[in-house]
Amino acid sequence: MLGNLKPQAPDKILALMGEFKADPRQGKIDLGVGVYKDADGHTPIMRAVKKAEQRMLETETTKTYSALAGEPDFQKAMGELILGAGYNPALTAALATVGGTGAIRQALELARMASPDLRVFVSDPTWPNHVSIMNFMGLPVQTYRYFNDATRGVDFEGMKADLAGAKKGDVVLLHGCCHNPTGANLTLEQWAEVADILERTGATPLVDLAYQGFGDGLEEDAAGTRLIASRIPEVLIAASCSKNFGIYRERTGCLLAQCKDTATKDLAQGAMAFLNRQTYSFPPFHGAKIVATVLNTPELRADWMAELEEVRGGMLRLREQLANELAQLSGSDRFAFIAQHRGMFSRLGAKPEVVQKIKDEFAIYMVGDSRLNIAGLNDTTVPILARAIIEAGV
Ligand code: LMR
């Protein structure tokens, strides 16, 4: 039976991780997978996370099953973190999931249960695994214009024109902040225009919020999502705790479904718990408990926020340093977009051959579409990258 399987193409981002590991060259630089790294190239455990785990170790008395949709303290803490004062638990179904990817998958499953003929609108480009999951599920994917290759900013006119083609029953996937892979984001005014289009078309937004706190700040990064949720009665939000809590391997994520009334919320809550049961039964507990403990303990929360700000500030400084270095080397401001982009990633706009050349000649790894992970840099490697970018002819 298993001999009938077709070989699967490896995930490009994960394959790049393996290739980097296997590269024996000294001084190689990993700007591939979206993982935060400090100046020493280490992905640290955040202070508040470690303290929460210590408390859990001392106080936990059982490892019995928890709740199918996740623990209420986690659901509430995430609802408040994401939606702020606009969070209404009476109208918002919540589900603990296996990471942000699990939240995306369950959101799409939920949407398909409610709207079997749906199409999913995704930005061009988007995180490759979005499209891969949709293809695997057999969902029709429709791309909308997003990135302007010339300006390296958002092609907002194109985006609006393409989103106008969505209709009731369709899902529009939006990146809440820190667009992956481009780093180019909507302004709040543009979010309001997207809300106008969603109102007009009746399509359901699915916001992927994987990097809250990595762009302009925890509140600022949720502002677009909150605006959509304040204007559109039915909204799906898939959030990841991998990056902002640095708990990648704990697989902690959350799906919120804001509903138009309590009866619909009950339906959604039931369907979401059912989806967990059908997929993996209970969601992982440990990471969700860390998150709930950090968010619900004032001193841990304050420390977490402070460390997250350090992480965010560090990435911003690296962006500015790289943009300055490139301005000097190129004698132009054509790389100024790097300082304007937000989050972990920027898309350089280089051709795959150039990305390959940078890897071959300089041992600098970025994703083939020329996405680079800013957090993979430090003060020493910024000038090395800048020189490679100019010498490779980007
Ligand atoms: C990325 O885009 O690099 C991250 O979201 C990690 C992943 O799973 O691809």
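The values are calculated or read from the model by the stated rules, or taken from the named source; none is laboratory data. Values in this document were obtained by computation on a predicted structure and should not be read as measured data. Glycine also receives a Cβ, built like all others from the backbone with ideal geometry; neighbour counts cover every protein chain displayed.
So the values come out like this:
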read-out	value
Which listed residue is of a type outside the set (D, E, K, R), touching a Phe, Trp or Tyr at 6+ places or on another chain (Cβ under 8 Å), more than 16 Å from the ligand (Cβ to nearest atom) and over 30 Å from N378 (Cβ atoms), from Y65, Y87	Y65
Close pairs (8 angstrom Cβ cut-off, 6 or more residues apart or separate chains): assigned by TED's automatic domain parsing to the domain that holds A111 in segment 237-250, among the charged types (D, E, K, R) and within 12 Å of the ligand (Cβ to nearest atom) anywhere	A238/D208; S242/R251
Of the criteria (1) closer than 22 Å to H341 by Cβ; (2) modelled with pLDDT of 95 or more, which one D149 fails	(2)
Wholly enclosed helices (runs of 4 or more DSSP H) of segment 1-120 bearing at least 1 residues modelled with pLDDT of 95 or more and not assigned by TED's automatic domain parsing to the domain that holds A273	12-22, 47-59
Members of segment 287-334 found to be of a type outside the set (S, T, N, Q) and over 20 Å from P44 (Cα atoms), listed by number	P298, R319, E320, L322, A323, E325, L326, A327, L329, G331, D333, R334
Qualifying residue in segment 313-330 (condition: outside the structural domain of Y248 (by TED's automatic domain parsing), in contact (Cβ under 8 Å) with a residue 60 or more places away in the chain, at positive phi and not basic (K, R))	no
Complete set of residues in segment 146-191 that are within 19 Å of the chain's Cα centre (by Cα), surrounded by fewer than 18 Cβ atoms within 10 Å (Cβ to Cβ) and outside any loop (DSSP other than H, G, I, E, B)	G153, L188
Set L372, L322, L329: member being surrounded by fewer than 22 Cβ atoms within 10 Å (Cβ to Cβ) and aliphatic (A, V, I, L, M)	L329
Within segment 336-348, considering residues that are over 20 Å from V33 (Cβ atoms) and touching a residue at least 24 places away in the same chain (Cβ under 8 Å), the one surrounded by the fewest Cβ atoms within 10 Å (Cβ to Cβ)	Q340
Search result, residues across segment 227-246 that are out of contact with any strand residue (DSSP E or B) (no Cβ under 8 Å at 6 or more places or on another chain) and under 18 Å from I104 (Cα atoms)	K243, N244
Flag for Q142 being under 28 Å from E80 (Cβ atoms) and assigned by TED's automatic domain parsing to the domain that holds A288	no
Filter result (surrounded by fewer than 24 Cβ atoms within 10 Å (Cβ to Cβ) and of a type in the set (S, T, N, Q)) within segment 93-107	T101
Residues of segment 108-145 that turn out to be buried (at least 20 other Cβ atoms within 10 Å of the Cβ) and within 16 Å of the ligand (Cβ to nearest atom), as a count	6
Residue in segment 349-369 that is nearest to C177 (Cα to Cα), counting only those that are more than 13 Å from the ligand (Cβ to nearest atom) and buried (at least 20 other Cβ atoms within 10 Å of the Cβ)	A350
Odd one out for G349, checked against (1) at pLDDT below 95; (2) out of contact with any helix residue (DSSP H, G or I) (no Cβ under 9 Å at 6 or more places or on another chain)	(2)
Selection from segment 1-32 of residues that are closer than 20 Å to D369 by Cβ and aliphatic (A, V, I, L, M)	A9, I13, L14, A15, L16, M17, I29, L31
Filter result for the condition that a residue is within 21 Å of F121 (Cβ to Cβ), of a type in the set (A, V, I, L, M, F, W, C), assigned by TED's automatic domain parsing to the domain that holds F282 and at pLDDT 95 or above, over L218, L209	L209
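Listed here are the residues, each with its yes/no results for (1) within 22 Å of A96 (Cβ to Cβ); (2) small (G, A, S); (3) in a loop (DSSP other than H, G, I, E, B).
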| position | (1), (2), (3) |
| --- | --- |
| V207 | yes, no, no |
| Y211 | yes, no, yes |
| G215 | no, yes, yes |
| E220 | no, no, no |
| G224 | no, yes, no |
| P233 | no, no, yes |
| I237 | yes, no, no |
| K243 | yes, no, yes |
| R249 | yes, no, no |
